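Written out below as structure tokens is the structure these notes cover.
The values are calculated or read from the model by the stated rules, or taken from the named source; none is laboratory data. Every value quoted in this text rests on a predicted model; they were computed, and no experiment measured them. So basically every Cβ, Gly included, is an ideal-geometry build from the backbone, and we count neighbours across all protein chains shown.
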Amino acid sequence: LIGQKAEKEGYKAYAIGGFARDLILGLQNFDIDIVVENNAIEFAEKLVKYLGGKLKTFPQFGTATLTLKDGNKIDFATARMEFYPFPAAMPEVEETTIKHDLYRRDFTINTLGFKLNSPVFGDFLDFFNGKVDLEKGIIRVLYNLSFVEDPTRILRAIRFESRYGFTIEEQTLGFLTNALENNMLAQVKPKRILEELKLILSEKNGLLSMNRSIELGILEGIFGEISNKKLLIRALEETKVHINLYKKKEIKVDNEFLIYVQVILSFCNEAKQKEFLTGLQLDKSQLEDFDFFFNNYQETLQSLKNPRYFSASEIVETLQGYKKESMIVLLALSFNSTVHKRILLYVKEFSNIDIEVTGEDLKKMGLQPGPVFSDIIKKLRKEKIDNNLSSKEEELLWVRS
Ligand code: ATP
């Protein structure tokens, strides 16, 4: 239908990128990108009258998104060539033909497409040997300065590598390493880096990409010096294990991505922690939690390391300021140690202990509300955690005594 409409209205329309790539790989991809010569917005405006649905246009980028009545989305972009006034800057857009449009893309495997116009519907486009690379499982850039022009492609490369089990082609790997050595990633805004990291970590094989990023020095290119790379890999794996354990127990985990970032930042210096915390654009409560975590976690882990006996209530006192997401980070940072066991005890047993006696009960016992109340409640809670008061009666007895 899109092809027929394009032909009728005098546009050329192409289905490009991930949709074409995954179609050839035999994989499902409902994310349809249409490139239009010469004006995607105009064409999408005509199409919406014909197909119905809701259209959102972005004139500054020459793009539009059509949400169909069934909820599926189609993205339209005007065929374009991007000029980068200086490396790592946002692109400026100029209209041009489909081949130029495809040349500015990240990898050959993403330059495949189908011409939708009838009567040539389905004409296959492969200007840069993308199909051969797709068959061989190779990630290859289109030109030498690709990673310099857009360093986020470094992260896209390792994402596709792990997703499809592909390999970055040798020369491309050389360009990638070169861009890293020239510190290109440090010039990208944290917000953009974090968006790419989020995509990586939401992949099934996300941790494979993370390992690769550590191996190639990508993570250091982003976050500066990492205090212990092997430990970081291990901590990220542990994070996944604990997130899954929480989920298995049907404990809701908010924003998994933030937990991974928190783990990574624990291995970075303070300046980078601050820079990336700003880039995360956290809400007030998340920011408070992050602040609390980074101000206290080292001391917490250090104090729990002490081999002396810790009573249950002492463990609770040490850990009770952390939110459950931060608790996953602490678990991930302390695997296989006494500290880890103590945190697990807290998570599994102590953190759920709550007293049944209420303020009303205390009033009935003739006590006056005031600071004494909270003091009694605090002491009662400690007693319950340490001595296992097992019923409300036992709690009341303890208060009386
Ligand atoms: P996914 O399956 O993860 O959605 P995709 O290839 O569809 O992968 P998108 O991020 O939706 O990825 O991008 C659509 C297309 O735009 C890609 O196929 C690629 O050709 C191009 N593209 C995206 N980001 C870049 C970039 N940083 N540099 C060059 N081309 C890019």
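Descriptive notes on the structure:
- Selection within region 330-357 - small (Gly, Ala, Ser) and either without any contact (Cβ under 8 Å) to a residue 24 or more places away in the chain or within 16 Å of Asn244 (Cα to Cα) (or both): Ala332
- Counting the residues of region 2-18 that are more than 17 Å from Thr97 (Cβ to Cβ) and either without any contact (Cβ under 8 Å) to a residue 40 or more places away in the chain or among the hydrophobic types (A, V, I, L, M, F, W, C) (or both) gives 3.
- Every pair of residues 6+ apart whose Cβ atoms lie under 9 Å, when the first sits in region 310-329 and is crowded, with 19+ Cβ neighbours inside 10 Å while the second is at pLDDT 90 or above and part of a loop (DSSP other than H, G, I, E, B): Val329/Ser266; Val329/Tyr322
- All helices (runs of 4 or more DSSP H) inside region 210-277 with 2 or more residues being hydroxyl-bearing (Ser, Thr, Tyr): 229-248
- The number of residues in region 103-137 that are assigned to a loop (DSSP other than H, G, I, E, B), on the phi < 0 side of the Ramachandran plot and away from the ligand (no atom under 12 Å from the Cβ) comes to 8.
- Taking region 1-68 and the helices (runs of 4 or more DSSP H) fully enclosed by it, the elements with 3 or more residues that are crowded, with 17+ Cβ neighbours inside 10 Å and within 14 Å of the ligand (Cβ to nearest atom) are at 18-25.
- Counted residues, region 138-190 - those being within 12 Å of the ligand (Cβ to nearest atom), without any contact (Cβ under 8 Å) to a residue 40 or more places away in the chain and of a type in the set (Val, Ile, Thr): 2
- Any chance Ser213 is more than 12 Å from the ligand (Cβ to nearest atom), at pLDDT 95 or above and either touching a Lys or Arg at 6+ places or on another chain (Cβ under 8 Å) or under 25 Å from Thr278 (Cα atoms) (or both): yes
- Unique residue being surrounded by fewer than 19 Cβ atoms within 10 Å (Cβ to Cβ) and part of a loop (DSSP other than H, G, I, E, B) when the list is Glu195, Glu203: Glu203
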